[in-house]
Each structure stands twice: as structure tokens, then as C-alpha cells.
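First up is the structure itself, then whatever we jot down about it.
The values are calculated or read from the model by the stated rules, or taken from the named source; none is laboratory data. No experiment lies behind these values; they were computed from the predicted model shown. Please note: Cβ atoms are built from the backbone with ideal geometry, for glycine as well, and neighbour counts cover all protein chains shown. Ligands, DNA and RNA are excluded from the accessible area calculation, which covers all protein heavy atoms including side chains. Shrake-Rupley method; radii C 1.70, N 1.55, O 1.52, S 1.80 Å.
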Amino acid sequence: MKIQPPVPLAGPYEEAMQALETLRLQGWSSNGEIKMYYTRLNEILRRFIFRKLNISTVEKTNEDLLQEFRGLNIPQDAYKEIVTALRMTDFVKFAKYLPQPEDNKNNFTIIQSAIRIVNNLS
């Protein structure tokens, strides 16, 4: 019996980028499952922050998460975009807000950019 070595996990950045690409290909933002789309965007960002910075994100609200971002050395314009994207996520998830298709693409790009910025901080 031959024992297989464990398959190494992708790094936090690679995992997040792969998850974003999977989300994009699933097309949830255009097939009426907008709440699932924003929930998944939020989960991808939270998992990345947890794995990359060892910041527990499970019990944090998006406002708590924004406070964590404030403590990082993120450019002010990028921080403002992250604020907008995370608040949009809350509106969709809790207030049943239906964003425009261009908002969905824009928020995807913001989350993708936030992951890149945080990845390049350390």
C-alpha cells in the first residue's frame, strides 16, 4: 500500500482568485440569484482575509470588517470602494436591494482589487 503525500492547498491569494473566477463563470449575478452572488463575494473576501492576515472574520459584521481594513495600509480611494462594495452586499442580503447589472460587475472588480491590494501589503 503506497501512501500519497497530502496535496498542498493553494495559497490564500490563489484560492481567492480561483473562487472569484468560479463565481464569475457561474453567472449568478445575471441569472436571478443575486443574493447568492453577493453572499459568495463576501465569503471569498472573508476567507482570504482570514487565511492571509489571520484575522477571524466569521463572527464579524461587514462594519467590523471595514474597521479591520481601516487598520491596513490601503489607499484611501480603494478603501472607499471597499466600503461601498461591502455595504452593497449588506443591502442585497438584508434589505433585498436589487442592484443594477453594472453594479454587480463593479462590486466584483472592487472585491478582486481589494484582495490584490491586501495580498501585496505583506
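For segment 39-79, what are the residues that are more than 21 Å from residue 11 (Cα to Cα) and modelled with pLDDT of 95 or more? None - no residue of segment 39-79 is more than 21 Å from residue 11 (Cα to Cα) and modelled with pLDDT of 95 or more, so the list stays empty. Candidates in segment 82-97 are the residues that are in a helix (DSSP H, G or I) and not hydrophobic (A, V, I, L, M, F, W, C); of these, the one that is most open to solvent (accessible area, probe 1.4 Å) is 87. Considering segment 98-122, and only residues there that are aliphatic (A, V, I, L, M) and open to solvent by 70 Å² or more (accessible area, probe 1.4 Å), the residue that is farthest from residue 71 (Cα to Cα) turns out to be 98. Filtering segment 40-54 to residues that are open to solvent by 30 Å² or more (accessible area, probe 1.4 Å) and of a type outside the set (Lys, Arg) leaves 43, 50, 53, 54. Of all residues in segment 11-38, those that are surrounded by 14 or more Cβ atoms within 10 Å (Cβ to Cβ) have Cβ atoms under 8 Å from Cβ atoms of residues that are of a type in the set (Gly, Ala, Ser) and not in a helix (DSSP H, G or I), 6 or more apart or on another chain, in 37/29.
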